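Trainee: Dropping the structure in here first, questions after.
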């Protein structure tokens, strides 16, 4: 199983919600302790529910839910729900996602549509909460950086590769190293105060990615993260970060929102100095307009089927 999928390690640092629960033991009777414990043990079933829906699920009244979360120190259910989602993000595994979806008695066709609906929800959340000043900040750091390393491991590797490639097209010295921990370490060893490291990882975050951030910062390198919560190790250790959810009903996670965040960064870099970008792209214009780059038929003619449906007839 790829490491950048959802995962869990039981001896990890307690989440905010777990800490509050531990501190509030004396304020909770047995039934309320069992209620919170059950909610925490099954965050995949609960993090998206309203207070009334949560009460219905556990066969209690809404007032019991409110009083219980108040005992944990929350004034509003929304604050509790935020911490529950963060708990979910850091504790989810491929198994728990698949288990939750198999409990839902949807038709297979409905499941397929639900996958795309969740992608759209993640995109909507990204757009609503996008911190554009941070996107501009990293774009400016990219423009002035001598060297840029983009670190993404396992599923996040394709995001790192896309970003590094797009930056190279715009004339940046950018690379997305792959391979072993040692290879990452050697690349980061080349960074200094005039360079930039962009790290992409989610949930508990992969050790190689986090260690790359910490090593880069020790060398005075500015670090920027793309992650799915403000409490992930990437968010904590990077100088700045943006949040893009990978929440999904698929055990691999959804990378639609992080890809949109990458595209936002690419666009920002291109438009900070549009004349410079146009000049760099103009150098490749002949390659893009020539026939050598694109597929041709065996007789050398251009493909006339572009834009047509597969079954359409050539005319």
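The values are calculated or read from the model by the stated rules, or taken from the named source; none is laboratory data. Only a predicted model underlies this, so the values are computations on that prediction, with no experimental measurement involved. Don't worry about glycine lacking a Cβ; one is built from the backbone with ideal geometry, like all the others, and counts go over all protein chains shown.
Trainee: Going residue by residue through segment 31-49, is there one that turns out to be modelled with pLDDT of 90 or more and more than 16 Å from residue 20 (Cα to Cα)?
Mentor: Checking segment 31-49: at least one residue is modelled with pLDDT of 90 or more and more than 16 Å from residue 20 (Cα to Cα).
Trainee: Now for a different question. Quick one: in segment 263-300, of everything that is assigned to a loop (DSSP other than H, G, I, E, B) and free of Cβ contacts under 8 Å to residues at least 40 places away in the same chain, which residue is farthest from residue 123 (Cα to Cα)?
Mentor: Going through the qualifying residues, I end up with 299.
Trainee: Cβ-Cβ below 8 Å, separation at least six or inter-chain, first residue in segment 220-244 and on the phi > 0 side of the Ramachandran plot, second part of a loop (DSSP other than H, G, I, E, B): which pairs?
Mentor: The qualifying pairs are 220/192; 220/193.
Trainee: Can you confirm whether residue 119 is in the same structural domain as residue 32 (by TED's automatic domain parsing), part of a helix (DSSP H, G or I), in contact with a helix residue (DSSP H, G or I) (Cβ under 7 Å, 6 or more places away or on another chain) and at pLDDT below 90?
Mentor: Answer is no for this residue.
Trainee: Regarding segment 205-223, can at least one residue be identified that is exposed (fewer than 13 other Cβ atoms within 10 Å of the Cβ), in the same structural domain as residue 167 (by TED's automatic domain parsing) and modelled with pLDDT of 85 or more?
Mentor: For segment 205-223, residues exposed (fewer than 13 other Cβ atoms within 10 Å of the Cβ), in the same structural domain as residue 167 (by TED's automatic domain parsing) and modelled with pLDDT of 85 or more: present.
Trainee: Can you go through 164, 157, 139 and tell me which one is touching a strand residue (DSSP E or B) at 6+ places or on another chain (Cβ under 7 Å), buried (at least 18 other Cβ atoms within 10 Å of the Cβ) and not in a strand (DSSP E or B)?
Mentor: 164
Trainee: Return the only residue of 199, 260 being surrounded by fewer than 24 Cβ atoms within 10 Å (Cβ to Cβ) and touching a residue at least 24 places away in the same chain (Cβ under 8 Å).
Mentor: 260
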